[in-house]
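The values are calculated or read from the model by the stated rules, or taken from the named source; none is laboratory data. Treat the numbers as computed from the prediction; the structure is a model and nothing was measured. No Cβ is skipped: glycine too gets one built from the backbone with ideal geometry, and neighbour counts run over all protein chains shown. Quick note on the areas: whole protein, heavy atoms, side chains included, nothing else; ligands and nucleic acids left out. Shrake-Rupley method; radii C 1.70, N 1.55, O 1.52, S 1.80 Å.
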Amino acid sequence: TRKIKNKQIYIILSIAIILINIIGISALLMKKVTIVIDGEEKVIHTFLNTYSSVIGKLKIELEPEDYISVNINDRVEDKSTIYIKNAKTITVKVDHKEILHKTTTDIVGQALKELNISYDENDKIKNI
């Protein structure tokens, strides 16, 4: 019976050591990522390797005009932050013509610059 108890203790200790190692390795591999989309912050913990994988897993849809602060093909770094700003469609009226333009800026002058439109004090400008 002493041999059986020693064997049971050995098995329990072995399992405990394995579990501690698994937990330790998991903690080392898991990365904390903060995602800020249009000012709304979300924190996730992930084992994924690329920002593209993280964005895909979260079902975040990006348009070409959207701003993202990281290269989506880069490897995920622990304690990193991804900033995303979704583009919005604005209407610019120039010489009685309407131009639709997608932009991430909230600044009228910057949106006009993106469209290569110059203006002066005689032009009528409304905020975005």
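Points worth noting:
- For the range 86-95, the count of residues that are assigned to a loop (DSSP other than H, G, I, E, B) and at pLDDT 85 or above is nonzero.
- Qualifying residue in the range 97-109 (condition: aliphatic (A, V, I, L, M) and either part of a loop (DSSP other than H, G, I, E, B) or on the phi > 0 side of the Ramachandran plot (or both)): yes
- Total residues in the range 21-75, condition closer than 21 Å to Thr104 by Cα, touching a strand residue (DSSP E or B) at 6+ places or on another chain (Cβ under 9 Å) and basic (Lys, Arg): 1
- If you filter the range 63-75 down to residues that are of a type in the set (A, V, I, L, M, F, W, C) and modelled with pLDDT of 95 or more, you find that the one that is most open to solvent (accessible area, probe 1.4 Å) is Ile68.
- Lys59 meets each of the listed conditions (1) without any contact (Cβ under 8 Å) to a residue 24 or more places away in the chain; (2) on the phi < 0 side of the Ramachandran plot; (3) charged (D, E, K, R) apart from (2).
- Those residues of the range 15-46 which are touching a helix residue (DSSP H, G or I) at 6+ places or on another chain (Cβ under 8 Å) and in contact (Cβ under 8 Å) with a residue 24 or more places away in the chain, in sequence order: Val33, Ile35, Thr46
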